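Chemist: Mind having a look at this structure? Questions to follow.
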Amino acid sequence: AVMRCGLLALLVLFVYWDNTALRTDSLTYTSTALPAEFDGLRIVQLSDLHNREFGKNNQRLYAAVKQAAPDLIFLTGDLVDEYAEAPIPYAKAVGKALSAIAPTYYVTGNHEWAIGDVPQLKERLRENGVTVLSNQFVPLERNGDVIILAGIDDPNGYADQETPEELAAELTAACGEDTFWILLAHRNDHFPGQYSLLGADLVLSGHGHGGMIRLPGTDGLISTDRTLFP
């Protein structure tokens, strides 16, 4: 009984730590198609914060972002949580703090559409310095070189919204097939069958949480679509 209680206590501590610890994963992306002036561009991607606070008023989170010294910050959905008491104030505070560090871009996830009033959420983010990409694309310029950043709303958005395929076709028609472009799209599980086929040079997503269940020292055990070892 003592052994079982000890193991349970360790499991509880691990789950608490795994949901409150901050860890920065660093990845280097290389491409011969990337314009020269964008060599060395530093991006911080934050996804699936779900109204979580890291330190008082999220100070630990903002300190970690500053330490990464980003040129751009991407928020790839589920910034807020459908069960949270104050999603709009949280989004406003996070948007204001991050956009003061570097230009910040945002796309919705499934939880934003679950809480409702997405137009108000987007407007509050814009008022606090965040560029909201709702099936839209914008140019990013560095010393004369240009790449395109596109962002789509989550599939839980409006039934008649522009499709990712329509947005990709519009982008290609406007900017040319050889233009380097990045896509922000919340759902990682849409990558193999849809987002990877759009022609983007790089797709940044969230949603998967690294697995709905993770064991110590491993990758995901169960995915968001209930498959093993994603």
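The values are calculated or read from the model by the stated rules, or taken from the named source; none is laboratory data. Note that this is a predicted model, so its numbers are computed, not measured. For neighbour counting, all protein chains shown are included, and Cβ atoms are generated from backbone atoms with ideal geometry for every residue, glycine included. Side chains included, ligands, DNA and RNA excluded: accessible areas come from the protein's heavy atoms. Shrake-Rupley method; radii C 1.70, N 1.55, O 1.52, S 1.80 Å.
Chemist: In region 211-228, is there at least one residue being farther than 23 Å from ASN110 by Cα, at pLDDT below 95 and touching a strand residue (DSSP E or B) at 6+ places or on another chain (Cβ under 8 Å)?
Modeler: Within region 211-228, one or more residues are farther than 23 Å from ASN110 by Cα, at pLDDT below 95 and touching a strand residue (DSSP E or B) at 6+ places or on another chain (Cβ under 8 Å).
Chemist: So which residues in region 78-122 are at positive phi and either in contact with an Asp or Glu (Cβ under 7 Å, 6 or more places away or on another chain) or assigned to a helix (DSSP H, G or I) (or both)?
Modeler: Selection gives ASP78 alone.
Chemist: On the basis of being open to solvent by less than 30 Å² (accessible area, probe 1.4 Å) and in a helix (DSSP H, G or I), does LEU125 make the cut?
Modeler: yes
Chemist: All but one of (1) free of Cβ contacts under 8 Å to residues at least 60 places away in the same chain; (2) in a helix (DSSP H, G or I) hold for ASN51, so report the exception by its number.
Modeler: With (1) free of Cβ contacts under 8 Å to residues at least 60 places away in the same chain; (2) in a helix (DSSP H, G or I) applied to ASN51, the lone miss is (2).
Chemist: For region 133-157, what are the residues that are within 16 Å of the chain's Cα centre (by Cα) and open to solvent by less than 10 Å² (accessible area, probe 1.4 Å)?
Modeler: LEU133, LEU149, ALA150, GLY151, ILE152, ASP154, listed by residue number.
Chemist: In this structure, is ALA69 part of a helix (DSSP H, G or I), in contact (Cβ under 8 Å) with a residue 12 or more places away in the chain and hydrophobic (A, V, I, L, M, F, W, C)?
Modeler: So ALA69 fails the test.
Chemist: ASP39 versus (1) exposed (fewer than 15 other Cβ atoms within 10 Å of the Cβ); (2) out of contact with any Asp or Glu (no Cβ under 9 Å at 6 or more places or on another chain); (3) within 22 Å of GLY206 (Cβ to Cβ); (4) of a type in the set (D, E, K, R): which is the lone unmet condition?
Modeler: That leaves (3) as the condition not met.
Chemist: Before we move on, is THR24 exposed (fewer than 10 other Cβ atoms within 10 Å of the Cβ), in a loop (DSSP other than H, G, I, E, B), β-branched (Val, Ile, Thr) and modelled with pLDDT of 95 or more?
Modeler: No; evaluated as a whole, the condition is false for this residue.
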